[in-house]
Every structure is written in structure tokens, then in C-alpha cells.
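Here, each number is a calculation from the coordinates, and none is a lab measurement. Worth saying up front: this structure is predicted, and the values here are computed from it rather than measured.
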Amino acid sequence: MAENKKPHGPEQRNEGEGNRTAARQDNEAQRRFAQSGKVDEKAHEAEHALETPERSVLERAEAVGKSHKRAEDPEVTRKP
């Protein structure tokens, strides 16, 4: 008979919405990526993807993401 056991190691807490641990890990990963020197390379890859059949998949994913928003960030649409 299989028993449900917790994995060994530090116990994980449910921090709920606003999970500080996950936010800290995400911020650290973003900082490492920004400092890696690969930002321009990835930006060019993304730009090239818009010129391929993958464009429709990317546009659909963007539409799904935008469908969940409450309101557009004013900084995104602000005129310079």
C-alpha cells in the first residue's frame, strides 16, 4: 500500500496571494537574465517569430492574456 509522504527538506508554506517567496525568486531570475547579456538576442528571436507562422499562436496567446486583465496599464498607452 502506497503512503502519501511529504518530500524531505524545508516545509513549503502556502503564502497565498502576494507570495513573497515566489516574487523574490522571480525577481532574482529576471535580474540574472537581464545581466546575462542575452536580452538583445531574445528580443531579435521574438521579432523574427512574428514573421513566421508562429505569429498566429503568439497573437492568440496575447489575446488570451489580455482577456484576463481588468484595465490597461496607463503607462502602456501613454503618449510620450
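General remarks:
- Global form of the stretch 31-80, assessed from the alpha-carbon gyration tensor, a/c cut-off 1.5: oblate
- Counted residue by residue at 0.36 nm each, then reduced by the alpha carbon distance between them, the extension gain from N19 to L58 reaches 11.2 nm.
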